[in-house]
Amino acid sequence: MAFKNQGSAAPRALVVEDINVDRVILSTMLGKFNCETTIAQNGKEAVDLFLEGKTFDIVLSDKDMPVMTGPEAVAKIRAMGATEVKIVGVSADLGGMEAFMSAGADEFIPKPMTLGDLEPMLQEVISKKNMSG
Amino acid sequence: MSIRGEEQSSDQSLNESLLLLLQKDVGFAMWSNALREPCFCDSWIKLLSLVNAYMFPSEQSNMRKLSSRGCSVGYLDEQFCQVEDLQDEASPNFTEEVVTLFFKDSARLMSNIEQALEKHPRDFSRWDAYMQQLKGSCSSIGASRMKSECMSFRDYCGQGNVEGCMRSFQKVKREHAVLRQKLEAYFQLLRQAGPAGAASRPVM
């Protein structure tokens, strides 16, 4: 798979997903693009990672999860000042688009996500990393 | 070119026919239609054996896609191919592992729904939320018929139709059971066909 990563550090991805199979598929897809992937099983775990000072280049979050939903987590992450990280809402519920975008997500991709969906987003993230040095 | 004729031919002839079909890129529709018939089920094993023995890895990938579609026409959509495409030498059993995980997850989600139907009567919002999760998982592996039934259930939730929800949930469970059988058979066929190894083109 041709993927332009001009020798910069691997993109750091955070996958926020409570369903095992969806998590595994998404993580494996990200692995195909040489991403360093961290997993959170719900919105609260994702927020906690940011509170610990962890940084990511891209966050891919499901919508409906126990403890804290994706949109709730996105709103909290943005409120913390994490405005640079690209946040993508991912859900089989097309109504989730409004919830995610209102919360501050950059994009919404309906499930199921494909490699073709991921590639341009990751290219964008890599380009941004390369430009900021 | 007759599929029945190919089945009656020698392995060498069948292999030539397979390669020709792949080259013409018309294989999928022909194979899918032909191999829906139960009498052709034995052909899958022969077919997959030839794939592993004679085809290069790039062709094997195409042929496996045809095989998985043929085994599960209507039950799986293109997303299943996406999952298969993630399989590589580092994760040679990735597809089967994901499918196993799906059935584990989906059994749990269906149990949640069953309990909700029993313990939270007419709580359509709760029922819908649980079914939404199951629908998402079905989408992720391409379980199209199961996904359709999940959507049907959600429609009944939207209508406040308890009986409709109950009927629909029974269909979800049936589709789940059938899909499990089909995929178990598919992976069994793959195992019977033998591991994919280095291939060399047959002398034609």
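The values are calculated or read from the model by the stated rules, or taken from the named source; none is laboratory data. Because the structure is predicted, anything quoted here is derived from the model rather than measured. With ideal geometry, Cβ positions are generated from the backbone for all residues, glycine too; neighbour counts draw on all protein chains shown. Surface accessibility is based on the protein's heavy atoms, side chains included, excluding ligands, DNA and RNA. Shrake-Rupley method; radii C 1.70, N 1.55, O 1.52, S 1.80 Å.
For the reader, a short list of remarks on this structure follows.
- Residues that are at pLDDT 75 or above and of a type in the set (Lys, Arg) are absent from the range B:62-70.
- Subset of the range A:49-70 [open to solvent by less than 50 Å² (accessible area, probe 1.4 Å), more than 14 Å from chain B (Cβ to nearest Cβ) and either at pLDDT below 95 or outside any strand (DSSP E or B) (or both)]: A:49, A:50, A:56, A:57, A:68
- Top-ranked residue in the range A:95-122 [being within 12 Å of another protein chain (Cβ to nearest Cβ), assigned to a helix (DSSP H, G or I) and within 13 Å of the chain's Cα centre (by Cα); ranked as nearest to residue A:26 (Cα to Cα)]: A:118
- Within the range B:77-100, the set of residues being part of a loop (DSSP other than H, G, I, E, B) and over 20 Å from residue B:148 (Cα atoms) comprises B:86, B:87, B:88, B:89, B:90, B:91, B:92, B:93.
- Pick from the range A:123-133, criterion open to solvent by 30 Å² or more (accessible area, probe 1.4 Å) and part of a helix (DSSP H, G or I), ranking: modelled with the lowest pLDDT: A:132
- Residue match in the range A:31-45 (condition: part of a loop (DSSP other than H, G, I, E, B), at pLDDT below 95 and more than 14 Å from every other protein chain (Cβ to nearest Cβ)): no
- Looking only at the range B:111-120, residues that are open to solvent by 40 Å² or more (accessible area, probe 1.4 Å), in a helix (DSSP H, G or I) and farther than 16 Å from residue B:180 by Cβ come to 5 in all.
- If the condition is being under 20 Å from residue A:119 (Cβ atoms), in contact (Cβ under 8 Å) with a residue 40 or more places away in the chain and not aromatic (Phe, Trp, Tyr), then the range A:27-61 contributes A:29, A:30, A:32, A:35, A:57, A:58, A:59, A:60, A:61.
- Scanning the range A:85-107 for residues that are open to solvent by less than 30 Å² (accessible area, probe 1.4 Å) and under 15 Å from residue A:17 (Cα atoms) yields A:87, A:88, A:89, A:90, A:91, A:92, A:96, A:100.
- The combined condition, being within 14 Å of another protein chain (Cβ to nearest Cβ) and of a type in the set (Val, Ile, Thr), is not fulfilled by residue A:83.
One line per residue, one yes/no per condition, for (1) more than 12 Å from every other protein chain (Cβ to nearest Cβ); (2) among the basic types (Lys, Arg); (3) crowded, with 18+ Cβ neighbours inside 10 Å; (4) part of a helix (DSSP H, G or I):
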| position | (1), (2), (3), (4) |
| --- | --- |
| B:102 | no, no, yes, yes |
| B:109 | no, no, yes, yes |
| B:122 | yes, yes, no, no |
| B:133 | no, no, yes, yes |
| B:138 | no, no, yes, yes |
| B:149 | yes, no, yes, yes |
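- Criterion violated by residue A:78 - all others in (1) at pLDDT 95 or above; (2) more than 30 Å from residue B:95 (Cβ to Cβ); (3) open to solvent by 50 Å² or more (accessible area, probe 1.4 Å) satisfied: (3)
- Qualifying residue in the range A:21-28 (condition: hydrophobic (A, V, I, L, M, F, W, C), open to solvent by less than 70 Å² (accessible area, probe 1.4 Å), under 30 Å from residue B:127 (Cα atoms) and more than 14 Å from chain B (Cβ to nearest Cβ)): no
- Residue B:143 meets all of the listed conditions (1) open to solvent by less than 50 Å² (accessible area, probe 1.4 Å); (2) more than 14 Å from chain A (Cβ to nearest Cβ); (3) in contact (Cβ under 8 Å) with a residue 40 or more places away in the chain but one, namely (2).
- Residue match in the range A:111-122 (condition: in contact with a strand residue (DSSP E or B) (Cβ under 7 Å, 6 or more places away or on another chain) and open to solvent by 20 Å² or more (accessible area, probe 1.4 Å)): yes
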